[in-house]
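What follows is a single structure, written as structure tokens, with notes after it.
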Amino acid sequence: MPPERAEPRTGWSSAVHVVDFLRQIEAVAEADVRKLRHDPFELVTRMVQPMLWLLIFGEVFAQSHAIPTGSLGYLEFIAPGILAQSVLFVAIFYGVSVIWERDLGILHKYLVSPVPRAGLVLGRALSSGVRGLSQAFVIYVLALLLGVRVRLGIDAVALVIVTVMLGSAIFSTFSLIAACLVKTRERFMGIGQVLTMPLFFASNAIYPLSMMPAWLRFVATINPLSYQVDALRALMIQGGSSAFGLGVDYAVQLLALAVLTAIATRLYPTIIN
């Protein structure tokens with residue numbers, strides 16, 4: 001008896017699989033975001049650092065006129081950079097929650113669920129993006145109080161939200177990879193501390209690329225944070241523009257997210273070993 005031939009997958013069934021995958025990502029993200037109800041103080045403490053950077057560092061350098069920022073005032077130049085920095089700082093330590101879940105046995109339940117590994121990784125990335133929105137709210141309020149010319153149009157704010165969530169997803173996925181490699185909270189916290197400052201200072205967050213020596217400028221151009229800052233500066237500030245071009249900004253960030261997601265998907269099950 002000849003073997004039965006598998007029926008080709010129709011466009012409809014493919015669409016159903018995509019919708020199911022998106023629902024699984026949403027479910028993972030929702031479960032993760034729900035934790036904030038039990039510990040909202042975490043978001044409050046994360047708001048202190050960007051406030052200090054804008055109110056102290058930003059104001060001092062705005063008065064000194066030491067950094068050339070073209071047609072933008074220094075506070076206008078730095079506000080998008082501080083937003084990107086605060087998103088980075090929240091996202092880069094996201095992996096420690098995965099280590100906690102492993103120690104509590106919660107992670108095992110995720111890994112035996114029918115959700116694909118990529119869905120678990122992207123669900124956590126989406127959750128981190130939602131957390132990053134609180135930082136955007138704080139920076140917008142502070143910037144307005146300091147007289148920064150912020151764009152408040154619906155389209156501009158919507159694109160800023162997308163950019164913040166994308167940047168948060170990139171660095172939380174990077175954090176997840178680090179958690180899979182080091183596997184202990186103590187080592188992870190050390191790695192997080194080591195990574196944050198080089199990523200921040202080797203970017204265009206607080207000074208333009210033109211001020212950097214050639215080697216640092218090269219590092220900045222391969223740093224995803226630079227492209228997040230560049231996009232935010234064009235979208236968030238009146239008179240702001242993108243040095244790389246918004247198309248390049250988003251292309252680089254999406255590529256970084258795709259590569260990091262592929263690596264994290266492969267490593268994710270190894271964290272329980």
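The values are calculated or read from the model by the stated rules, or taken from the named source; none is laboratory data. Quick caveat, the model's predicted, so the values are computed rather than measured. A quick note on method: Cβ atoms are made from the backbone with ideal geometry, for glycine too, and the neighbour counts reach across all protein chains shown.
On the stretch given as segment 228-255, residues that are in a helix (DSSP H, G or I) and touching a Ser or Thr at 6+ places or on another chain (Cβ under 9 Å) total 14. Annotation: Leu260 fulfils all but one of (1) in contact with a helix residue (DSSP H, G or I) (Cβ under 9 Å, 6 or more places away or on another chain); (2) of a type outside the set (S, T, N, Q); (3) part of a helix (DSSP H, G or I); (4) surrounded by fewer than 20 Cβ atoms within 10 Å (Cβ to Cβ); the unmet one is (4). Picking from residues in segment 188-216 that are small (Gly, Ala, Ser) and more than 18 Å from Ile82 (Cβ to Cβ), the one that is surrounded by the most Cβ atoms within 10 Å (Cβ to Cβ) is Gly192.
Results for (1) among the small types (Gly, Ala, Ser); (2) part of a helix (DSSP H, G or I); (3) touching a Cys at 6+ places or on another chain (Cβ under 6 Å); (4) modelled with pLDDT of 85 or more, shown as yes or no for each residue.
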| site | (1), (2), (3), (4) |
| --- | --- |
| Ile161 | no, yes, no, yes |
| Met165 | no, yes, no, yes |
| Ser168 | yes, yes, no, yes |
| Glu186 | no, yes, no, no |
| Gln193 | no, yes, no, no |
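Residue under question is Leu126, and the condition is that it be of a type outside the set (Gly, Ala, Ser) and over 22 Å from Leu246 (Cα atoms); does it hold? Here the answer is no, as Leu126 does not meet what is asked. Entry remark, segment 70-91: residues being modelled with pLDDT under 85, over 15 Å from Leu166 (Cβ atoms) and in a helix (DSSP H, G or I) number 0 in total.
Evaluating Gln85 against the criteria (1) among the polar types (S, T, N, Q); (2) within 19 Å of Met236 (Cα to Cα); (3) over 23 Å from the mean Cα position of the chain (by Cα) leaves one unmet condition, (3). Within segment 44-69, count every residue that is in a loop (DSSP other than H, G, I, E, B) and modelled with pLDDT of 80 or more. Residues that pass the stated criteria total 3. Would you check if there is a residue in segment 109-121 being closer than 21 Å to Gly58 by Cα and of a type outside the set (A, V, I, L, M, F, W, C)? No: zero hits.
Checking Ser113, Ser203, Ser210, Ser127 one by one, the residue that is under 25 Å from Thr261 (Cβ atoms), in a helix (DSSP H, G or I) and among the polar types (S, T, N, Q) is Ser127 and no other.
So for segment 149-161 (the condition being among the charged types (D, E, K, R), crowded, with 16+ Cβ neighbours inside 10 Å and out of contact with any Ser or Thr (no Cβ under 9 Å at 6 or more places or on another chain)), does at least one residue qualify?
Within segment 149-161, one or more residues are among the charged types (D, E, K, R), crowded, with 16+ Cβ neighbours inside 10 Å and out of contact with any Ser or Thr (no Cβ under 9 Å at 6 or more places or on another chain).
Scanning segment 88-102 for residues that are touching a residue at least 12 places away in the same chain (Cβ under 8 Å), of a type in the set (Lys, Arg) and either under 22 Å from Asn223 (Cα atoms) or in contact with a strand residue (DSSP E or B) (Cβ under 7 Å, 6 or more places away or on another chain) (or both) turns up nothing.
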